[in-house]
Structure formats: C-alpha cells, structure tokens
Amino acid sequence: MDRITITAKGISVSVDLAVGHLADLVVEAGGRGLRPLHRAPWLDEPPGDLPQGLPEGVARLSGDFLCAPFSASDVEAAPLHGWPANSPWDVVESAAVADGWRAVFRLRRKVMGAAVEKTLRLRHGHPFLYQEHAFVGGSGAISVAHHPMTVMREGGRLSFSPKRLAATPEISLEPDPKRGRFALAYPARSADLAAFPTAGGGTTDLRDYAMEPSREDFVTLVEADHAGPGWTAVARRAERDLVLVLKNPAELPVTMLWTSNGGRDYAPWNGRHRGVLGIEDGRTAIGHAASLDDNWLKREGVATAFALAPDGRVAFRHVIGALPQADGPPPASVAMLPDRLRLETPDGAVREVPFDGTFLRIGKA
C-alpha cells in the first residue's frame, strides 16, 4: 500500500506512504472540491523517464511534507530535505473518532537517533487539515520545516501575519543562466514586503504572484512579535479560492517562500513547473549544518533548530485549509477564536469558519 486516504465530513487527505508527502487535500465547499495542494507534472509520467539519482522526494513531489533537516543534510547523511521527505512511513493508527478522523504515521528511519511521528486530524465540517510532527528521543539538534505547495494557473495575491523582515540568501537558486533564471536580488533584505529589491535594480511586491516573468526565487520572512498565529493566505484567481496556512510562530518562526514558475530548464522541471508557490514554515536556516552553526537568523534572535534528548519529545503543529472565494483580496487579518477562525478583508468585511482555536497552542514553544 503506497497511499492511504482519510476522510471526515467535507474534507479528505491522501498520504503517499513511500515518502510521507500529502499527495492530495480536498475540501468540499460551495458545491465543488477545492484542491489547495500542488503535485508535480512528472508524477503522471513513467518513472523511468526521470533523471537517474533524483531524490525520491523530488521524484514524488506533491502537496506537503516534513523537511528534517530543511535543505542540505550535511550533518547526518540523507537526501535533500532529509529522510522524512524521501523514505517510507508506516501507518500506526487510522480510525474514526467522535468528531472526525485521526491517523498516526511513523517514519521507518530515525533522524538524529529520534523516532519521527506524523499525526493527522480531520474534523467534521472543518475546511482544515490539522497536523503534528514529533521527534521522540534522539540527540543533538534538528532543523525542520513544512513544505506545502500550492499552484495557480493565473497567479494570485498573498497576505501574511505581521513580518519583521524579508531576506534572500547569498546566492540564488539558479545562478547559471544556462540552467534557469531568477527575479529577486541576492542577497537582499527589506522590512517592506511591498518593495523588495529585484535583480534588475528595482523593487517588487512579494504579496503579488505574477505569472511573468519565468523565475525560480526563494525568500525568508521572519515573523514579527505579535500575540496571534502565524499565517499565510493566498487568493488564487483562476481557482477562485483562498488557501490558508497557519502555524505557531514560537515553534516555527520563519516562513520561506519558494516561487517556482518555469525558472528551471533542466529535467525533470523543463520549464513546465509553473505557478507553484511553496509556503515553507520552519525553524531552520538553509541546511542542517548552517542551522546548528552561527547564522544570520540566530543573530536576529530567531531559533533555527530544535534540541533533541534521549528521553525527550519535541513536537510542532501546522494547519492547511481552503475556502471558496470568487474574487477579491486575501484577508488583512486572521484571528483565532475557540471554535472558529475570523478573517477580515481590507475593507472590513468579516468571515468566520469552523476552526479548532486551541490546536496551535499559541503562547507555547
């Protein structure tokens, strides 16, 4: 069994057990099925057509997955984004509960000596997937990130919880013009998301996902100090919906945006991986060794790894959902109430939807 699907009223999620990716998420709303998550185009092609040596996590790229570590596994040998994104998971438990469904998965491999568990919760009538990852035991420290990807046929508009700053790394994802291209300046930083430096010397609005130019870009947003959840909202134009991703900033203090819009010309990307946005909430720098060493985020007072202990348990939570939205901007504010999520648009219109306001444990690290 390579795939399992769990369901509650109005929502279902499928897991690719070969790599632990969330292969599909479907929210039934407004008479249609909203699919907020992306799957790579090469998943529908014969596996033999893929380049040799491609990490399993890229070969089966879909939805969302746990990165542990995020990016380079240069402390403990593993593929890009670590074994949780590239190797099999077992089903420990999957059963209906009073208010929905609960499933628990365990990674067959260990990470830094720790057992890794994934718990998924669906609640009847909630348009959200609630997930928790836990490291049980182990030693040293591990950087982590979620890797949800959405996709847009005609672009969209983004909004965020308050951010302190945005910054690009020293080198772009595709510095060789023979292999790809980028649009942002590297390195660069700005406290204004609406005016981030570009490679051409101007500025761009990070809140706007435009389908031109073709590019591959990566930028890290650092959460500001505030009392609410960390969140990203994406109003997808052609899809006529609103994708929501939420976190506890004390657990996952950065949000890394990966824009993959036809900016890679080599296989399996081949310029066709378009309109994709990775919303990568994490506790990490770029690479495991960099996360444990001195880095620019630590100098900003931002944690970049979780400490592990042989008798310890480290866990963090994350939420992904979707709502129908015919047109209009994403919310200007998002607030959690005990049993619902309250969204307010820039013009003051309010929308409330069912939500477990206790799940993210805001105020706890």
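A short reminder: the numbers here are calculations on the coordinates, not readings from a lab. From a predicted model like this one, the values you see are computed outputs, not experimental measurements. Note that each Cβ is placed from the backbone with ideal geometry, even for glycine, and that neighbours are counted across all protein chains shown.
Of Leu17, Val222, His288, which is farthest towards the positive pole of the chain's charge dipole, taken about the Cα centre with +1 and -1 on the beta-carbons of Lys, Arg and Asp, Glu respectively? The listed residue farthest towards the positive side: Leu17. The distance from the alpha carbon centre of segment 234-300 to that of segment 1-72 is 16 Å, rounded to a whole number.
Gain on full extension, evaluated as 0.36 nm per residue between Asp176 and Ala77 minus their Cα-Cα distance, stands at 33.0 nm. Once the chain from Ala349 to Ala332 is taken as fully extended at 0.36 nm per residue, the excess over their C-alpha distance is 5.1 nm. In plain terms, the chain from Asp225 to Thr5 could stretch by 75.5 nm, reckoned as 0.36 nm per residue minus the Cα-Cα distance. All other residues whose Cβ lies under 10 angstrom from that of Leu246 are scored, Lys and Arg at +1 and Asp and Glu at -1, for a net of +1. Among beta bridges from DSSP that stay inside segment 3-354, the antiparallel ones total about 100%.
Which net charge results for the neighbourhood of Ile142, defined as the other residues with beta-carbon distances under 12 angstrom from its beta-carbon, given Lys and Arg at +1 and Asp and Glu at -1? Write out the running numbers ahead of the final one.
On the way: positive: Lys110, Arg283; negative: Glu76.
That works out to +1.
In this Cβ point-charge picture (+1 for Lys and Arg, -1 for Asp and Glu), segment 114-210 has a dipole of about 180 debye about its Cα centre. Dipole check for segment 196-246: with +1 at the C-beta of Lys and Arg, -1 at the C-beta of Asp and Glu, and the Cα centre as origin, the magnitude is about 160 Debye. Each 10 Å bin, from zero up to the one with the longest distance, holds this percent of the alpha carbon pairs of segment 254-365: 10, 25, 32, 26, 7, 0.
For a paramagnetic label modelled on Arg153 (point 7 Å from Cα along Cα→Cβ), amide N atoms under 16 Å away belong, within segment 227-262, to 236-242. Mean-square fluctuations from a GNM of the chain, with a 10 angstrom spring cutoff on Cα atoms, peak among Thr232, Thr220, Thr198 at Thr198. Its Cα centre serving as origin, the chain has a Cβ charge dipole (Lys and Arg +1, Asp and Glu -1) of approximately 420 debye. In plain terms, if you count all Cα to Cα distances in segment 169-290 and split them into 10 Å steps from zero, the share in each step is 12, 41, 37, 10, 1 percent. Applying 1/(1 + (r/R0)^6) with R0 = 30 Å to the Cβ-Cβ distance of Asp293 and Asp208 gives a FRET efficiency near 0.30.
Spatially, segment 116-164 and segment 328-365 are offset by 16 Å when compared through their Cα centroids.
Spin-label model, Tyr266/Ala115: points 7 Å from Cα along the beta carbon direction are separated by 4.0 nm. Give, as ranges by residue number, the residues of segment 302-322 whose backbone N falls under 18 Å from the point 7 Å along Cα→Cβ of Ser139. Those under the cut-off are 306-314. Simple rule: put +1 on each Lys or Arg Cβ and -1 on each Asp or Glu Cβ in segment 108-182, find the dipole, and look at His124, Ala114, Gly138; the Cα lying farthest toward the positive end is His124. Across the cross-link table entries Lys163/Lys247; Lys110/Lys163; Lys163/Lys298; Lys9/Lys118; Lys247/Lys298; Lys118/Lys247, which are compared at the Cα atoms, the separations over 25 Å belong to Lys110/Lys163. As a proxy for reagent exposure, Arg39, Arg3 were ordered by neighbouring Cβ count within 10 angstrom, fewest first; the result is Arg3, Arg39.
Computed over the chain, the range of Cα coordinates on each principal axis works out to 56, 50, 46 Å, biggest value leading.
For a paramagnetic label modelled on Arg32 (point 7 Å from Cα along Cα→Cβ), amide N atoms under 19 Å away belong, within segment 232-268, to 234-244. Counting only Cα atoms, the size of segment 299-365 along its three principal axes is 49, 31, 20 Å, in decreasing order. With the cut-off at 1.5 for a/c, could you classify segment 43-202 from its C-alpha gyration tensor as rounded, prolate or oblate? Prolate shape, in that a/c is at least 1.5 and a/b is the bigger ratio.
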